[in-house]
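As structure tokens, the structure follows; a few thoughts come after it.
The values are calculated or read from the model by the stated rules, or taken from the named source; none is laboratory data. Quantities reported herein were computed from a predicted structural model and do not represent experimental measurements. Counting neighbours? That spans all protein chains shown, and the Cβs are built from the backbone with ideal geometry, glycine included. Surface areas here come from the heavy atoms of the whole protein model, side chains and all, with no ligands, DNA or RNA. Shrake-Rupley method; radii C 1.70, N 1.55, O 1.52, S 1.80 Å.
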Amino acid sequence: DTEVTQTPKHLVMGMTNKKSLKCEQHMGHRAMYWYKQKAKKPPELMFVYSYEKLSINESVPSRFSPECPNSSLLNLHLHALQPEDSALYLCASSQENTDTQYFGPGTRLTVL
Amino acid sequence: EDQVTQSPEALRLQEGESSSLNCSYTVSGLRGLFWYRQDPGKGPEFLFTLYSAGEEKEKERLKATLTKKESFLHITAPKPEDSATYLCAVRTYSGAGSYQLTFGKGTKLSVIP
């Protein structure tokens, strides 16, 4: 089983809202990732967690705040977003940071 | 700077018309090359990992090959359900024990019945 789940599937929020994206995997993977993908562009890495510790932060604005409560869960907290933050947010996981990444279905975020 | 270039950007094939997609890369230290398939509005689906020049992997109508500078995804007798965007990614060492993927822009494949 190589399933990564993400909730919600769609999210519409205003620029003053606070919301969270959730990602879950039960494959025993120890590395988890957040990517942002704009239309007709490839995924762009935002954050990497390895063994529940943040190992890569690709200079992402502070209005995006990741959290890894345990080895199976990864959250992305959103606050004061801009319309240009509208995108497909993808979560991925891998056995270790050196292994194949498996992606979830994504959350389609629209910021009004 | 690590670079991944995919060509063509878009490809239209008749059903049954075989072809190849190209992924050329310039990286300081390749730690694996990956092919993913992505349908519109969905997450990338893993297809293949290749690690060394000369390596080949096959799955149904798809075959991936790797040289020192590029990879090819060969599609034999494609069907309409093979229509998708195919993404190539290379994994490189980013320091402090961490690795990351650098994606190409993808090839959008359309297979016409």
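The figures follow:
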item: The listed residue being open to solvent by less than 40 Å² (accessible area, probe 1.4 Å) and part of a strand (DSSP E or B), out of B:43, B:32; result: B:32
item: Filter pass, residue B:105 being open to solvent by 50 Å² or more (accessible area, probe 1.4 Å) and either within 19 Å of residue A:42 (Cβ to Cβ) or in a helix (DSSP H, G or I) (or both); result: yes
item: Residue within the range A:17-34 that is more than 10 Å from chain B (Cβ to nearest Cβ), in contact (Cβ under 8 Å) with a residue 12 or more places away in the chain, acidic (Asp, Glu) and assigned to a strand (DSSP E or B) present; result: yes
item: Wholly within the range A:50-112, strands (runs of 3 or more DSSP E) carrying at least 2 residues that are free of Cβ contacts under 8 Å to residues at least 60 places away in the same chain and over 12 Å from the mean Cα position of the chain (by Cα); result: A:53-57, A:64-70
item: Where residue B:68 falls short, out of the listed (1) part of a strand (DSSP E or B); (2) among the basic types (Lys, Arg); (3) open to solvent by 60 Å² or more (accessible area, probe 1.4 Å); result: (1)
item: Scope the range B:35-66; condition in contact with a Gly (Cβ under 6 Å, 6 or more places away or on another chain) and among the hydrophobic types (A, V, I, L, M, F, W, C); matching residues; result: none
item: Residue count, the range B:5-29 (criterion: outside any loop (DSSP other than H, G, I, E, B) and either open to solvent by 70 Å² or more (accessible area, probe 1.4 Å) or farther than 27 Å from residue A:4 by Cβ (or both)); result: 12
item: Lone qualifier among B:93, B:99 - being out of contact with any His (no Cβ under 9 Å at 6 or more places or on another chain), within 9 Å of chain A (Cβ to nearest Cβ), open to solvent by 40 Å² or more (accessible area, probe 1.4 Å) and touching a residue at least 24 places away in the same chain (Cβ under 8 Å); result: B:99
item: Residue B:81 outside any strand (DSSP E or B), surrounded by fewer than 17 Cβ atoms within 10 Å (Cβ to Cβ) and away from chain A (no Cβ under 14 Å); result: yes
item: Selection within the range A:36-48 - touching a Gly at 6+ places or on another chain (Cβ under 9 Å) and either assigned to a strand (DSSP E or B) or surrounded by fewer than 21 Cβ atoms within 10 Å (Cβ to Cβ) (or both); result: A:37, A:40, A:41
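The rows are residues; the columns are (1) open to solvent by less than 40 Å² (accessible area, probe 1.4 Å); (2) of a type in the set (S, T, N, Q); (3) at the interface with another protein chain (Cβ under 10 Å from one of its Cβ atoms).
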position	(1), (2), (3)
A:51	no, no, no
A:55	no, yes, yes
A:62	no, yes, no
A:78	yes, no, no
A:94	yes, yes, yes
A:109	yes, no, no
